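The values are calculated or read from the model by the stated rules, or taken from the named source; none is laboratory data. Treat the numbers as computed from the prediction; the structure is a model and nothing was measured. Methodologically, a virtual Cβ is constructed for each residue, glycine included, from the backbone with ideal geometry; neighbour enumeration extends over all protein chains shown.
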Amino acid sequence: MTTYEARPTRYYDGMRYNRCGRSGVLLPILSLGLWHNFGDTTPFEVSQSIARTAFDSGITHFDLANNYGPAPGAAERFFGKMMRDDFKCHRDELFVSTKAAYDMWEGPYGSWASRKHLMASLDQSLARMGLEYVDLFYCHRYDPVTPLDETLQALVDIVRNGKALYIGLSRWPADAARYGYAYLKAHDVPCLIYQGRLNLFDQAPVEDGTLASAAESGVGFIAFSPLAQGLLTDRYLNGIPSDSRIARDGRFLHADALTEARMRQVKRLNEIAKERGESLATMALSWVLNHDGVTSVIVGASSPEQLKKNLEAVASEPFTETQAEAIDDALKLS
Ligand SMILES: NC(=O)c1ccc[n+]([C@@H]2O[C@H](COP(=O)([O-])OP(=O)(O)OC[C@H]3O[C@@H](n4cnc5c(N)ncnc54)[C@H](OP(=O)(O)O)[C@@H]3O)[C@@H](O)[C@H]2O)c1
């Protein structure tokens, strides 16, 4: 009998695909996130060239959410145009995710994880993207007030209604996620994947057991912001470039993230990456991907060139013990 463990990984045209938990789905080790650089403030041609570069490089998985923009909804509208103009005949080669639960529209039903919000939001997302279904629908955050069973049953019904093929959870505390995995499995809609932040500067999913409990439950894990929004690249080694996220956007990453201690760590990590013969971005992605249970990293990019550089992580070497120790020491610099 062939087991999941016997067929964990596949290669096609230079891209590596990992099996997602105990499912039939293979995901590319690099996925593309549309949180930034796909909204109304980015020229369409720039977003288009990033998305085309991704697809042409074997990145089959595009990660969206109802509120990605600016304005909220704009990234899904962009993706809808891509589906009409570029990707239409490739629908079955794509694995498209979206999410709901963050603030999206006015009034009591525009946010959080009630059945009402999740179902209405997914219908809006499908309309914006011009899709009949998404491959993966996430509850984007844990809702401490809505009964978990209401949220989880809505996710089950979304799959039963044919509007999503798989379900994922994002940013749920480890114990609530474990409850969710059990509920979904008991209702014959096993959770496909957990989405959480994991990078050299934020190792919470490793420390709080989220990564381990996903693996134990046969659920994949996909890491968001693996480059800490650009901090784990050469972007800020010599100040704040005018075309960077800190200078251009300022919604989620601010100059005060560049403390002296942080920059000492970044500079030391950059030296270690050089010793490995790769960029800091490549090393940072490789570090995340080297954790057991990690299926894929969702990278952001503001240009096709950045994405192409990040694809070098596919060929990155495992870490020696000495390199792993050097990285741990770098992270302790204050
Ligand atoms: N579930 C959630 O709650 C959640 C939260 C956040 C994100 N996400 C998902 O994760 C995705 C990725 O998040 P993220 O954009 O924060 O990811 P990230 O990969 O950590 O950061 C992307 C940014 O890093 C810089 N960068 C990327 N490659 C580079 C390279 N080779 N050299 C230099 N700089 C480089 C670019 O910044 P510049 O713009 O400065 O060039 C780019 O916009 C999102 O799009 C979204 O799909 C999910």
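Write out, first by first residue and then by second, each pair whose Cβ atoms fall under 7 Å of each other, whose residues are 6+ apart or on separate chains, and whose first residue, in segment 230-254, is free of Cβ contacts under 8 Å to residues at least 12 places away in the same chain while the second is assigned to a loop (DSSP other than H, G, I, E, B) and hydrophobic (A, V, I, L, M, F, W, C).
Hits for this filter: Ala247/Ile240.
Out of curiosity, is Tyr236 hydroxyl-bearing (Ser, Thr, Tyr), more than 27 Å from Phe95 (Cα to Cα) and modelled with pLDDT of 95 or more?
The answer is yes for Tyr236.
How about segment 44-68: which of its residues are assigned to a loop (DSSP other than H, G, I, E, B), within 14 Å of the ligand (Cβ to nearest atom) and over 17 Å from Ala100 (Cβ atoms)?
The answer is Ser57, Ile59.
Yes or no: segment 97-109 includes at least one residue that is of a type in the set (D, E, K, R) and assigned to a helix (DSSP H, G or I).
There is no residue in segment 97-109 that is of a type in the set (D, E, K, R) and assigned to a helix (DSSP H, G or I).
What about Thr41, is it more than 11 Å from the ligand (Cβ to nearest atom), closer than 30 Å to Asp243 by Cα and among the hydroxyl-bearing types (Ser, Thr, Tyr)?
Yes; evaluated as a whole, the condition is true for this residue.
Looking at segment 160-187, which of its residues are over 21 Å from the mean Cα position of the chain (by Cα) and under 16 Å from Asp135 (Cα atoms)?
Arg160, Asn161, Gly162
Scan segment 277-299 residue by residue and report those that are surrounded by 18 or more Cβ atoms within 10 Å (Cβ to Cβ) and over 23 Å from Gly21 (Cα atoms).
Passing the criteria: Glu278, Ser279, Leu280, Ala281, Thr282, Met283.
Which helices (runs of 4 or more DSSP H) does segment 207-324 wholly contain that include 3 or more residues that are within 11 Å of the ligand (Cβ to nearest atom)?
Result: 245-248, 280-289, 304-310.
Has segment 297-308 got at least one residue that is under 25 Å from the mean Cα position of the chain (by Cα), of a type in the set (Lys, Arg) and modelled with pLDDT of 95 or more?
Looking for residues that are under 25 Å from the mean Cα position of the chain (by Cα), of a type in the set (Lys, Arg) and modelled with pLDDT of 95 or more, one finds at least one in segment 297-308, hence yes.
For segment 134-181, give me the residue count where each residue is outside any loop (DSSP other than H, G, I, E, B) and either free of Cβ contacts under 8 Å to residues at least 12 places away in the same chain or under 21 Å from Ser97 (Cα atoms) (or both).
The total comes to 27.
Considering each of Phe87, Phe44 in turn, give the residue that is over 20 Å from the mean Cα position of the chain (by Cα) and surrounded by 15 or more Cβ atoms within 10 Å (Cβ to Cβ).
Residue meeting the stated conditions: Phe87.
Filter segment 175-230 down to the residues that are surrounded by 17 or more Cβ atoms within 10 Å (Cβ to Cβ) and among the hydroxyl-bearing types (Ser, Thr, Tyr), then identify the one that is nearest to Ala255 (Cα to Cα).
Applying the filter and picking the extreme gives Ser225.
State all residues of segment 295-330 that are in contact with a helix residue (DSSP H, G or I) (Cβ under 6 Å, 6 or more places away or on another chain), of a type outside the set (S, T, N, Q) and within 24 Å of Ile193 (Cβ to Cβ); if no residue qualifies, say none.
Matches in segment 295-330: Val297, Val299, Ala301, Leu307, Ala313.
Output the residue which, of all residues in segment 173-206 that are of a type in the set (S, T, N, Q) and within 14 Å of the ligand (Cβ to nearest atom), is nearest to Glu150 (Cα to Cα).
Gln195
Being touching a Lys or Arg at 6+ places or on another chain (Cβ under 7 Å) and under 25 Å from Phe78 (Cβ atoms), is that true of even one residue in segment 147-157?
No, there is no match, as no residue in segment 147-157 is touching a Lys or Arg at 6+ places or on another chain (Cβ under 7 Å) and under 25 Å from Phe78 (Cβ atoms).
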